[in-house]
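**Student:** Got a structure here, written out as structure tokens. Questions coming.
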Amino acid sequence: MKQYSEDQASVLELLAHHNNVSLMVAPSFVVDFDYKKFVPLMKGLGFDYVTELTFGAKTVNGEYHDYISKNCMQKRFIATTCPMCVSIVKAKNPELTEYLLPITSPMVAMAKILKKNSPKNKIVFLSPCTAKKIEAKNSGIVDVAITFRELKQLIKKEKVKPKKCSHLFDGFYNDYTKIYPLAGGLSKTLNKKGILSERQMCAKDGCTDFTSFFNQNKDKRFFDILFCDGGCIGGNGVAAKTPVFMRKYSVLSYKKQAKTEKIGKKKGLEKYTKGISFKKEY
């Protein structure tokens with residue numbers, strides 16, 4: 001008898017009982033999957049729509065820029081893309097909570113965009129990190145989150161065969177935010193013109209002691225912090241045992257090739273986000 005985790009079983013149940021199930025994919029997926037085989041494999045598993053979070057990340061960048069420009073007198077800003085970092089600040093460093101940027105994560109942002117444009121679709125998130133499972137449950141919009149490792153196990157147990165279809169992702173295309181899961185990826189893609197100087201920005205991965213880190217960087221205003229070593233490519237939901245530098249190479253190579261191939265049917269346009277609120281209080 002096949003044994004499944006709770007979230008693996010939830011994914012199979014969604015696919016069995018719903019005609020419209022969307023899979024949102026963290027761009028770090030290339031550390032565990034061959035991107036040219038990935039979409040056909042997911043369509044073979046039963047997903048109707050497969051897209052990346054890159055447009056959601058681009059949207060969050062825009063929200064960050066707008067918020068910082070409107071609150072320029074605020075001394076410091078902490079990115080809220082990493083749920084573990086948000087949890088650590090709230091639990092262990094509550095004096096820093098006021099600096100958390102009140103914007104949803106790229107996962108929730110992308111889910112909101114999908115719901116607006118395809119309201120009947122159920123949403124599954126493919127994540128390199130188990131902390132995203134809690135965030136997904138609390139979001140009220142993502143039906144289930146599953147890790148890279150769990151998906152690989154599911155593919156093997158179900159003996160999934162790829163569907164004959166394009167390897168390109170469905171809709172919402174954006175190439176430059178594919179480096180978002182890397183340490184400093186947010187800082188490198190954020191449009192900081194007019195709001196922050198390069199020297200005011202600080203990126204850190206593998207961070208657990210926020211108070212010490214802040215005290216050591218009193219001249220910084222924007223903190224791009226990720227909990228895992230190397231960023232999201234070092235998440236505990238990743239199956240790959242390769243060194244972090246090789247995972248980073250996989251993401252950078254994918255970004256370069258994606259830009260050449262124009263992966264996705266259409267550019268991510270602002271019309272898809274019209275009327276959506278991406279605000280979140282922490």
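**Student:** Whole angstrom only: what separates the Cα centroid of segment 90-154 from the Cα centroid of segment 186-252?
**Tutor:** 19 Å
**Student:** Hey, could you pull the Cα Rg and Dmax for segment 109-204, both in Å?
**Tutor:** 17.1, 52
**Student:** Assuming R0 = 25 Å, what is the FRET efficiency of N138 and T211, from their Cβ-Cβ distance, to the nearest 0.05? Each step should come with its number before you reach the end.
**Tutor:** Numbers: r = 25 Å, r/R0 = 1.01.
Efficiency, from the Cβ-Cβ distance: 0.50.
**Student:** Taking only DSSP H segments of four or more residues, each worth -39500 (n - 2.57), what value at 222 nm results for the chain once the sum is divided by all its residues, to the nearest 500 deg cm²/dmol? Write down the numbers at each step before the final one.
**Tutor:** Working: 10 runs with 112 residues, N = 282.
Counting only the DSSP helices, I get -12000 deg cm²/dmol.
**Student:** Under 5 Å between amide hydrogens, which residues at least 5 positions from A145 or on another chain qualify, with H placed 1.01 Å from N in the peptide plane?
**Tutor:** F125
**Student:** What lysines could a cross-link reach from K92, if we take a straight Cα to Cα line under 26 Å and drop same-chain neighbours fewer than 8 places away?
**Tutor:** Once the sequence-local lysines are set aside, what remains near K92 is K75, K132, K133, K137, K204, K218, K220, K279, K280.
**Student:** Which FRET efficiency value, to the nearest 0.05, do you get for A239 and E6 by plugging their Cβ-Cβ distance into 1/(1 + (r/R0)^6) with R0 = 25 Å?
**Tutor:** 0.85
**Student:** Pop the C-beta distance of K279 and K92 into the FRET formula with R0 = 22 Å and round what comes out to the nearest 0.05.
**Tutor:** Efficiency, rounded to the nearest 0.05: 0.35.
**Student:** For N121, what charge total do you get from the other residues with a beta carbon under 15 Å from its beta carbon, if Lys and Arg give +1 and Asp and Glu give -1?
**Tutor:** Local charge sum for N121: +3.
**Student:** Another one. Output needed: Cys residues of the chain lacking any neighbouring Cys C-beta below 4.7 Å, sorted by number.
**Tutor:** C72, C129, C165, C202, C207, C228, C232
**Student:** Considering amide H positions built from the backbone, and no H for Pro or chain starts, which residues 5 or more places from G184, or on another chain, come under 5 Å of its amide H?
**Tutor:** Residues meeting the amide H criterion: K204.
**Student:** For K157, go through the lysines and keep the ones whose alpha-carbon is under 20 Å away, minus same-chain ones fewer than eight residues off.
**Tutor:** Once the sequence-local lysines are set aside, what remains near K157 is K2, K37, K43.
**Student:** When you take every Cα atom in segment 53-135, what is the radius of gyration, and what is Dmax, the widest Cα pair distance, in Å?
**Tutor:** For segment 53-135, the Cα radius of gyration and maximum Cα-Cα distance read 14.1, 42 Å.
**Student:** Taking a quarter of the surface of the Cα convex hull of segment 8-266, what do you get in nm²?
**Tutor:** One quarter of the hull surface, i.e. the mean projection, equals 13.7 nm².
The numbers here are math on the coordinates, done by the rules we state, and not lab data. Here the structure is a predicted model, which is why all the values come from computation and not from measurement. Virtual Cβ from ideal backbone geometry, glycine too; neighbours counted across all protein chains shown.
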